[in-house]
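Novice: One structure follows; several queries about it will come next.
Taken together, the values in this text are just the output of simple stated rules run on the coordinates, not laboratory data. Note that the structure is a prediction, hence the values are computed from the model and not measured. Here Cβ is always computed from backbone atoms with ideal geometry, including for glycine, and neighbour counts include all displayed protein chains.
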Amino acid sequence: MLFQNILRITTSLFAVVAFVGHAFQVNAADADKPQYYEVRIYITQSAAQQQRINDYWQNAAIPAYNRQGIQPVGIFTEQQDSATNKIYVLIPCDSLEIFAAIPARLAADAEYQKSAAEFLNAPKSDPAYERFESSLLVAFDGMKHMAVPPADKKPDVFELRTYLSSSEGKGLNKIQMFESGEIPLMKDVGLAPVFYGRTIAGLNMPCLVYMTSGESLDAHKQHWKAFSSSPVWNKLKSDPQYKDNVIKVISILLKRTSASQI
């Protein structure tokens, strides 16, 4: 009887260990997969529209996305205030399936539908924004997941950079260049990258998009100066295999809004 009890307990323990081991393998596999990022850009014509967009994300959309397990969501605008400032939204998803399920889940979320109703149904006479654009990115293998700045060191400056290439091959070559030294160098000099992604649907293709951050404009400039003078960067940029892999750089300096979780 004692032996049977011991055998039953031992068998149960093996079952638990096997289950936990399987769960660990699944989680480890998920952790090794790149994230996907939606970068949404709202075009506005007034400070009032900018406030409505921010309020919508803060009070309706971000809570709904968080209920789906999607977080943190970043909300940014340009450093210099103006009536035509754009609002930039950064949405991280752990898989394409999660991204694809967002519209149906929002449609079924009664709390979201109630709190977002005014924004979603804004009339022609009083639009909440002019238009919005959206791009879908897949994270680089060299940095598969978003890196959120520590809560006690939230930066005041975010730089969104887009690199356009003349062909898909040249675009992939630039990504290889990033993964051959640029990404670790940016981290080392304090540029504090938030994400890197290759655009798979959206604007300016073929292109890559990434975001760096800094505690102030002056500090951010110093970090770039350290990057530019680094032997690692100078060796990379003089390597003939990486010649002419970028034809245009678009750089936008941003600041977080009150809605942002980043």
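Novice: Before anything else, pin down the relative contact order of the stretch 36-256: Cα pairs under 8 Å, at least 6 apart, normalised by residue count, whole percent.
Specialist: Working: 387 pairs, mean separation 56.6, N = 221.
Dividing the mean separation by the residue count of the stretch 36-256 yields 26 percent.
Novice: Taking DSSP loops as anything outside H, G, I, E and B, show the longest stretch in the chain free of trypsin sites (Lys or Arg not before Pro) there with at most 11 other beta carbons within 10 Å.
Specialist: Working: sites that count: 124, 243.
It runs 1-123.
Novice: Given the rule -39500 (n - 2.57) for each run of at least 4 DSSP H residues, summed and divided by the residues of the chain, what is its mean residue ellipticity at 222 nm, to the nearest 500 deg cm²/dmol? Mind dumping the intermediate values first?
Specialist: Values: 9 runs with 104 residues, N = 262.
After summing the helix terms and dividing by residue count, I get -12000 deg cm²/dmol.
Novice: Let me ask another. With a/c under 1.5 counting as rounded, go ahead and sort the stretch 36-256 into rounded, prolate or oblate using the C-alpha gyration tensor (a ≥ b ≥ c being the square roots of the eigenvalues; past the cut-off, prolate if a/b is larger than b/c, else oblate). Kindly include the intermediate steps, with their values, before the conclusion.
Specialist: Values: a/c = 1.93, a/b = 1.70, b/c = 1.13.
Since a/c reaches 1.5 and a/b is larger than b/c, the shape of the stretch 36-256 is classed as prolate.
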